[in-house]
């Protein structure tokens, strides 16, 4: 069963950008693609637990600010060294201008 948590307003996320969101002490990262699709992942890089909120978003890629590891934020797939573990992703829905994340 889905557990949808209100995360932010759709307009809070610029195109090709990332913002942080925290729920129950767990950090998440919310992205807006160039095509205005929304995505969510864990907020920590899987390499050395650096927060992705300060990372660089290019197209569908988030680059970790510490060692430049890259992930496809749509799938969580690591895109090269030093990434060895994929990033967990979460479903996102948009209702009435508000983004919700399924944290289950």
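What follows is calculated from the coordinates using simple rules that are stated; it is not laboratory data. Predicted model, so just to flag it, every value in this text is computed and none were measured. Reconstructed Cβ throughout: ideal geometry from the backbone, glycine too, with neighbour counts over all protein chains shown.
Residues that are touching a helix residue (DSSP H, G or I) at 6+ places or on another chain (Cβ under 7 Å) and either surrounded by fewer than 15 Cβ atoms within 10 Å (Cβ to Cβ) or without any contact (Cβ under 8 Å) to a residue 12 or more places away in the chain (or both) within the stretch 1-19 are absent altogether.
In the stretch 20-30, of all residues being without any contact (Cβ under 8 Å) to a residue 60 or more places away in the chain and part of a strand (DSSP E or B), the one that is surrounded by the most Cβ atoms within 10 Å (Cβ to Cβ) corresponds to 29. Figure legend. Inter-residue proximity from the stretch 31-55: first residues on the phi > 0 side of the Ramachandran plot, second residues surrounded by fewer than 17 Cβ atoms within 10 Å (Cβ to Cβ), beta-carbon distance below 8 Å, spacing 6+ or different chains. Indicated pairs: 36/15.
Note on the stretch 79-104: residues that are under 16 Å from residue 36 (Cβ atoms) and surrounded by 12 or more Cβ atoms within 10 Å (Cβ to Cβ) amount to 5.
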